[in-house]
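The values are calculated or read from the model by the stated rules, or taken from the named source; none is laboratory data. Owing to the predicted nature of the structure, the values given are computational and were not obtained by experimental measurement. Note: ideal-geometry Cβ built from the backbone for every residue, glycine included; neighbour counts use all protein chains shown. These accessible areas exclude ligands, DNA and RNA; they are computed on the full protein's heavy atoms, side chains included. Shrake-Rupley method; radii C 1.70, N 1.55, O 1.52, S 1.80 Å.
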Amino acid sequence: MTDRSAPSRIVPIVAADAVRRKARPGPKGRVPDPQALAEVRALLGDAPRRRDLLIEHLHRIQDSRGHISAAHLVALAQEMGLSSVEVYEVATFYHHFEVVKEGSATPPRLTVRVCDSISCAMAGAEALIDGLVSALGAECGFSAFPAWGAASGHRSP
């Protein structure tokens, strides 16, 4: 047993003032592309940079470009004071955002999403897709999603 009445003695391993962290040479994470940052700032304009407006700001980028590039996600994250991961998670969670990774081809200006659930297939979803492919060709992208109804589309400016 130890004697609890004896005064405790703390011996420091390193003097408290000797422990100093080196300053980080730059910001943590990815550095935004200056052009993407300027484009995001122009798109947002005077809009507040509150986190509850993240989805609206993602829509602004999507509507202006037809997709959201990785560079624009990083720029939006910095502009809003959020982490890049947080912005990426929100953008990739929702199917209506076309997130394009670095080095990937951009999607067509028109993307048609057609329901591929059993009820939609029974209502003729395959015939609808075939007809759209014949009518619109390579100018249009197609994505299958469950339970969206017969069809929905998004056209970029």
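Given N residues in the stretch 40-143, what is its alpha carbon radius of gyration divided by 2.2 N^0.38 Å?
Normalised Cα radius of gyration, the stretch 40-143: 1.28.
Sequence-distant or interchain residues sharing an amide H contact under 5 Å with Ile68, placed H: which?
Glu98, Val99, Val100
Once phi is turned into θ = phi - 60°, what whole-Hz ³J(HN,Hα) does the Karplus curve with 6.51, -1.76 and 1.60 give for every residue of the stretch 32-48, x standing for Gly and Pro?
Rounded to whole hertz, the list is x, 5, x, 5, 5, 5, 5, 5, 5, 4, 5, 5, 6, x, 8, 4, x.
Quote the accessible area belonging to Asp130 in square angstrom, nearest 10, computed with a 1.4 Å probe and with ligands, DNA and RNA left uncounted.
My reading of the accessible area for Asp130 is about 100 Å².
Determine ³J(HN,Hα), in whole Hz, for all residues of the stretch 71-88 in sequence, where each value follows from phi through the Karplus function 6.51 cos²θ - 1.76 cosθ + 1.60 and θ = phi - 60°; x replaces Gly and Pro.
Per-residue couplings from phi come out as 4, 6, 5, 5, 5, 5, 4, 5, 4, 9, x, 10, 7, 4, 4, 4, 5, 4 Hz.
Quick one: which residues, 5 or more positions from Asp116 or on another chain, have an amide H under 5 Å from its amide H? H modelled 1.01 Å from N in the peptide plane, none for Pro or chain starts.
Phe145, Ala147, Trp148
Label Ser64 and Val90 with points 7 Å out from Cα along Cα→Cβ: what is the distance between them in nm?
About 1.6 nm separates the two model spin labels.
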